[in-house]
Amino acid sequence: METRRIVDILRNAQPDESVTIQGWVRTKRALKEFSFMEVNDGSFMANLQVVLNPDLPDYENILKQLNTGASVEVSGILAPSPGKGQRIELKASKVKVYGDANPETYPLQKKRHSFEFLRTIGHLRSRTNTLGAVFRVRNACAHAIHQFFQERGFLWVHTPIITANDCEGAGELFCVTNLNLKEIPQTEAGEIDYSQDFFGRKAYLTVSGQLQAEVMAMTFRDVYTFGPTFRAENSNTSRHLAEFWMVEPEMAFCDLSGDMDLAEEFLKYIFKSVLEKCPEDMEFFNKRIDDSVLATADNIINNEFERVTYTEAIALLEKAKRKFEYPVSWGLDLQSEHERYLAEELFKKPVIVTDYPVEIKAFYMRLNEDEKTVRAMDVLAPKIGEIIGGSQREERLDILEQRLQAQGMNPEELWWYLDLRRYGTVPHAGFGLGFERLVQFMTGMGNIRDVIPFPRAPLSAEF
Ligand code: 4AD
Ligand code: MG
């Protein structure tokens, strides 16, 4: 018999259907006349309750092996459940134990474990209710992202993970090398001779696929890239990872206002779609993790985002009746406490801040007429702060060259990027959404390390 997923059984199946399921035991209760166990196969928040009667072949022996964590296959007939909490249960006629799990050593016991502890058992933590729900919601977000762009005719392009450029110019790059670290070749000037390295030049893990996405946008108009990106920033915060996923749409013939409209429509779409697809998981987060999760989702879907310029934001922060740890003044970057004040306290919804000072933003952002600000936009979310960073790109060759030079970068290294401004340049814009920050925002999870299966952060890469 074909096995069925538990989600399908709990949502759709009727009494008297014969089914086979496979999964892992969450709990077992042995009573005198019969026993119960709860089985989970990862497809759904709830477990399927299985009733085990003593007339089951090999009952006593099997019962001994049905400990938390054991893997099983159960066949039987569905019946209405007399107990509360479930509509339907499975009366087992055959149980096969694939692998047992020693209750003396299995680390996931019935009690609640802290997220810190669960991070030390990264290979088992997805078997808990919370992490299970997180990874299902994460999957639904990824699906919604592709669906959103595909419905709108965007081409999914695959940008490289190994690159020779620092897109953000922030120097937070991981170097990729296969030089012998015990005998590093040197140039006559005493520097590392990367010409002898694998790529014949210095190479890195990418911090963003944007520059290559711009290349593809100059052919296909609307494209997006969605993949892992890497930053060697040594920030041990609840919102930074060394390896995170980024979604980056790039649109030719588009300006900053079109970019903002897309970002807003995009976030609304994802929230709506996840609420439709994972209502039980979302209710779980609202009940157990953060009781504002559903209200936040509703707020995102039904309200327009606030839009202010950086200059206006600074004025609002200066007027704020509270003390900030970091100073506020025109020209300084917004810190996460400032971002959160704007989104969480002042506007109580996402805020798009535009037109930041040229000195604090990357070289590729389009210079405004005032020559002091650039056509940047950051979407700030309550509790998270910056969730999206984007801009209209500088499409004018001469100004772009000046910006590169001003930031101490070598225009020759980006000759191909500059060529896009030589051959058929057009106004274009795009943004990057931090995928884990989105999942955090959606689920209310406090630490970004708990919304990615295998977090990479300073001093942490075990699993
Ligand atoms: O603002 P960022 O640095 O923008 C870019 O990389 C642009 N090239 C994107 C583009 O226009 N195509 O990063 C984009 C987003 C941030 O808003 C944040 O959500 C997330 O990526 N992010 C991180 N997420 C987790 N850990 C980190 N260390 C992150 N750094 C940035
Ligand atoms: Mg940014």
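No value in this document is a laboratory result; all are computed from the given coordinates. In this text, all values refer to a predicted model and were calculated from it rather than measured experimentally. Backbone-built Cβ (ideal geometry, glycine too); neighbour counts: all protein chains shown.
Laid out as a table, the results:
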quantity	calculated
DSSP-defined beta bridges in the range 1-92 - what % are antiparallel, rounded to 5	90 percent
Cα centre as origin, Lys/Arg/Asp/Glu Cβ charges: the range 264-327 dipole, Debye	300 debye
Additional length obtainable on full extension of the chain from E304 to Q402, 0.36 nm per residue less Cα span	31.6 nm
Check: the chain dipole with +1 on Lys, Arg Cβ and -1 on Asp, Glu Cβ, in debye	2060 debye
Neighbour-limited loop hits for trypsin sites (Lys or Arg not before Pro), the range 50-87 (at most 10 other Cβ within 10 Å; DSSP other than H, G, I, E, B)	K84
Amide proton proximity set for W156, modelled H, under 5 Å, gap of 5+	Y224
Alpha-carbon centroid distance for the pair the range 15-66 / the range 402-456, whole angstrom	49 Å
Computed magnitude of the charge dipole of the range 69-198 (debye, nearest 20; Cβ of K, R +1, Cβ of D, E -1)	1720 debye
Residue-averaged [θ]222 nm for the chain, counting only DSSP H segments that reach four residues, each worth -39500 (n - 2.57)	-9000 deg cm²/dmol
Simple spin-label estimate for A232 and L459 in nanometres, 7 Å along Cα-Cβ	1.9 nm
Candidate lysines for bridging to K202, where Cα separation is under 28 Å - those fewer than 8 sequence places away on the same chain excluded	K182, K361
Fraction of beta bridges assigned by DSSP in the chain that are antiparallel (%, nearest 5)	90 percent
Under 13 Å from K349, Cα to Cα: aspartates and glutamates that are on another chain or at least 8 residues apart	E264, D298, E304, E306, E339, E386
The range 1-113 - Debye-derived log10 I(q)/I(0), Cα point model, q = 0.11, 0.16, 0.19 Å⁻¹	-0.31, -0.68, -0.98
Set of lysines near K91 by C-alpha distance (under 21 Å), chain-local residues within fewer than 8 positions excluded	K28, K32, K64
Which of T187, A170, Y204, positive extreme of dipole for the range 162-205 (C-beta unit charges)	Y204
Positive-end residue of F441, L400, L342, charge dipole of the chain with Cβ unit charges	F441
Crossing angle, helix 279-288 versus the chain [Cα axis fit, 0-90 degrees, rounded to tens]	90 degrees
The range 105-234 shape via C-alpha gyration tensor axes, a/c threshold 1.5	oblate
Long-range HN-HN contacts of S93 with modeled amide H, under 5 Å	S75, G76, I77
Extreme residue, positive dipole direction of the chain, given options I289, Q22, A315 (C-beta unit charges)	Q22
Rg to Rh quotient for the range 295-377, alpha carbon positions, Kirkwood Rh	1.00
Volume per residue that the Cα convex hull of the chain spans, once the total is divided by residue count, Å³	194 Å³
Net +/- balance of residues flanking C254 in space, Cβ distance below 10 Å, scoring K and R +1, D and E -1	-3
In degrees, nearest ten, helix 256-277 long axis to first principal axis of the chain (Cα)	0 degrees
